Amino acid sequence: MKSNRIVIIILIAMALVPLKVRAQYDAHFSHYFDMQTSFNPAAAGKFDKLNINAAYAMSMVGYTRSPHTAYISADMPFNALNTRNGVGVCFMNDQLGLFSHQQISAQYSYQKKFAEGILSIGIQLGLLNESYKGSKLDVEDTNDQALSKSDLKGNSTDFAFGLQYLQDEWYVGVSAQHITSPTITLGETNEINISPTLYATGGYNFKL
């Protein structure tokens, strides 16, 4: 009887294992809760003031062409036609070896009182730019056709959408980045396919 349960548990675990796994395209930061506009445009203008964020992340320090990411954003609220709105801009530069991912985005959010809090609906229009420094490639087999030795560049438009509900002490939000699944062409034969990414966040401020 006990062995049957073990077999059933193993079969259920195998059924839950995903058949395909992909790494995320977006860079992530430890202090994401202070950088919510980096993944949710509905957070633009949530504070009653101009909000500016800047971050610089490094990993694998000491290695040649180690990954590093720079991010800066600004957002603020404004009132128009008796409604509260928010606007923001974001810029990210993500360096990964010979690859460089750059993104610049403009954000807008519409905010409305709902129950005892504020419901915010945000949209984002961005431009993605990809570059590859093939001229700095250093490999043993220089005749490998799969490795381009030329510098390549490409770009594509990008869209995002988000929702956020905010009260005095807590918030919840959902958002979707790269909802159009943009494809960036590098040269004549290389492509970067970017899959949509979903985010779900929440937080509570405890007063000490």
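What number goes with the only condition from (1) exposed (fewer than 15 other Cβ atoms within 10 Å of the Cβ); (2) hydroxyl-bearing (Ser, Thr, Tyr); (3) under 15 Å from the mean Cα position of the chain (by Cα) that residue 64 does not pass?
Condition (3) is where residue 64 drops out.
Against the definition (under 24 Å from residue 186 (Cα atoms), touching a Gly at 6+ places or on another chain (Cβ under 7 Å) and open to solvent by 30 Å² or more (accessible area, probe 1.4 Å)), how does residue 150 come out, yes or no?
yes
Within segment 171-208, can you find the residues that are within 22 Å of residue 105 (Cβ to Cβ), aliphatic (A, V, I, L, M) and open to solvent by 60 Å² or more (accessible area, probe 1.4 Å)?
174, 179, 198, 200
The values are calculated or read from the model by the stated rules, or taken from the named source; none is laboratory data. Owing to the predicted nature of the structure, the values given are computational and were not obtained by experimental measurement. Cβ atoms come from the backbone with ideal geometry, glycine included; neighbour counts cover every protein chain shown. Ligands, DNA and RNA are stripped out before the accessible areas are found, and what is left, the full protein with its side chains, is counted by its heavy atoms. Shrake-Rupley method; radii C 1.70, N 1.55, O 1.52, S 1.80 Å.
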